[in-house]
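Have a look at the structure below, then the notes.
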Amino acid sequence: MHKDFLTIADWSSDALKHVISLAEDLKKEWQNGGNRPVLAGKTLGMIFQKPSLRTRVSFDVAMFHLGGHALMLSPQEIGLGQRESIPDVARVLASMVQGIMARVFDHAHVEQLAAWSKVPVINGLSDYSHPCQAMADVLTIKERFGRLEGLKLAYIGDGNNVATSLLFAATKFGFDFAIATPQGYALPEAVLAKGRELAQASGIRIITTESVEEAAQGAHVLYTDTWTSMGQEAEAEARRKVFKDYQINANLLKVADANSIVMHCLPAHRGEEITDEVADGAHSAIFQQAENRLHAQKAILVHLMAN
Ligand code: CP
Ligand code: NVA
């Protein structure tokens with residue numbers, strides 16, 4: 001078993017499927033009166049180098065529901081790599097808490113934390129990947145369709161951290177993955193190569209295109225994310241021009257499967273990558289998806305931190 005959860009690609013398909021099934025159980029348990037305190041006496045240290053609503057609240061509430069405690073550490077408080085080196089932060093923190101969740105810019109920083117921490121480290125988003133989001137997304141798709149295998153997910157927009165984790169999830173859970181990105185904003189070549197390598201085991205199809213319609217054709221899941229990720233704010237104006245046609249709207253829904261669902265990791269920039277009509281329409285799964293961050297997070301925490 002892996003000590004840490006840094007990227008979906010690292011974990012076996014079986015381990016990931018086990019976590020999804022655990023999430024389903026923990027969600028039912030919670031809905032039937034509450035979770036057993038399997039993390040009693042345990043503390044999760046949460047390092048945030050970037051803002052967050054869903055990740056912050058879901059990890060904090062998940063620890064509370066499981067009988068444990070979460071500790072928020074903002075950039076001003078610990079100055080990761082500035083006030084103190086990452087190896088020193090990792091060793092000090094790991095001597096007092098039983099798990100660390102970190103949201104960072106540079107993926108190497110979460111890897112360095114994991115290398116120096118004796119307790120599990122969970123990637124709560126890096127510039128490279130967002131594995132916890134992908135787990136909540138898989139849980140949501142499974143709830144909506146009752147299966148994962150044989151489905152097609154079409155991702156429209158920037159070849160970013162969220163797209164990377166969805167590609168890896170597709171290879172591990174066995175659904176097809178199509179991605180439409182404008183020229184110059186495709187997934188990094190190394191990510192695509194890894195995805196293709198992993199896809200050989202599951203036999204899924206990976207489609208990369210610049211055409212939004214081609215990606216969306218017959219898709220069961222239409223997925224998008226912001227055109228400008230955290231840390232890229234200076235490029236926002238230029239990106240608005242490049243991405244203007246990379247939008248999930250009512251016209252695109254017509255190309256997808258008649259029973260398709262629409263997903264977005266949020267926060268959404270309504271009127272940019274998604275229209276209000278679609279985000280709030282009958283096909284939207286965005287708030288179920290956001291709630292499922294809580295249930296998926298619980299499963300990851302229990303898998304890594306429970307006795
Ligand atoms: N989707 C997501 O990770 O949201 P936050 O940035 O609010 O945590
Ligand atoms: N791609 C976005 C996801 C936010 C949850 C970002 O990194 O800012």
- Task: Determine ³J(HN,Hα), in whole Hz, for all residues of region 86-94 in sequence, where each value follows from phi through the Karplus function 6.51 cos²θ - 1.76 cosθ + 1.60 and θ = phi - 60°; x replaces Gly and Pro.
- Result: 5, x, 5, 4, 4, 5, 5, 4, 5
- Query: If amide H atoms are built 1.01 Å from N in the plane of the peptide, which residues on other chains or at least 5 residues away come under 5 Å of the amide H of Ile179?
  - Reply: Tyr155, Ile207, Thr208, Thr209
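Calculated FRET efficiency, Ile207 and Ala108, Cβ-Cβ r, R0 30 Å, to nearest 0.05? Before the final figure, lay out each step's value.
On the way: r = 30 Å, r/R0 = 1.00.
Once rounded, the FRET efficiency stands at 0.50.
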- Query: Between Leu53 and Asp10, what length comes free when the chain is fully extended (0.36 nm per residue of separation minus the Cα-Cα distance, one decimal in nm)?
  - Reply: 12.9 nm
- In whole Hz, with x marking every Gly and Pro, tabulate ³J(HN,Hα) for region 272-284 from phi via Karplus 6.51 cos²θ - 1.76 cosθ + 1.60, θ = phi - 60°. 9, 6, 8, 8, 4, 4, 7, 4, 9, x, 5, 8, 6
- A correct Karplus calculation of ³J(HN,Hα) over region 148-158, with 6.51 cos²θ - 1.76 cosθ + 1.60, θ = phi - 60°, whole Hz and x for Gly and Pro, returns 10, 5, x, 7, 10, 9, 10, 9, 10, x, 7
- List every residue whose amide H lies under 5 Å from the amide H of Gly99, counting only residues 5 or more places away in sequence or on a different chain, with H placed 1.01 Å from N in the peptide plane. Thr43, Gly45
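Would you mind ranking Trp11, Trp116 by Cβ crowding within 10 Å, fewest neighbours first?
Working: Trp11 22, Trp116 18.
Ascending number of Cβ neighbours within 10 Å: Trp116, Trp11.
Please rank Phe59, Phe173, Phe105, fewest neighbouring Cβ atoms within 10 Å first, as an exposure proxy.
On the way: Phe59 27, Phe173 24, Phe105 16.
Going from sparsest to densest Cβ surroundings: Phe105, Phe173, Phe59.
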- Message: Greater than 21 Å separation of Cα atoms is the criterion. Which listed pairs, Lys142/Lys172; Lys17/Lys42; Lys27/Lys118; Lys27/Lys142; Lys28/Lys118; Lys3/Lys152, meet it?
- Response: Lys17/Lys42; Lys27/Lys118; Lys28/Lys118; Lys3/Lys152
- Ranked list, fewest to most other Cβ atoms within 10 Å of each Cβ, for Met46, Met101: Met46, Met101
- Pick out, from Ala193, Ser85, Gln217, the residue whose Cα sits farthest towards the positive end of the charge dipole of the chain, with +1 on the Cβ of Lys and Arg and -1 on the Cβ of Asp and Glu. Ser85
- Note on the structure: Placing each pseudo-label 7 Å from Cα in the direction of the beta carbon, Asp280 and Asn307 end up separated by a distance in nanometres of 5.0 nm
- Where a ≥ b ≥ c are the square roots of the eigenvalues of the C-alpha gyration tensor, would you call region 232-307 rounded, which needs a/c under 1.5, or, failing that, prolate if a/b is larger than b/c, or oblate? oblate
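Values quoted throughout were computed directly from the atomic coordinates according to the rules given, and no laboratory measurement underlies them. The structure displayed is predicted, hence computed values, not measured ones. With ideal geometry, Cβ positions are generated from the backbone for all residues, glycine too; neighbour counts draw on all protein chains shown.
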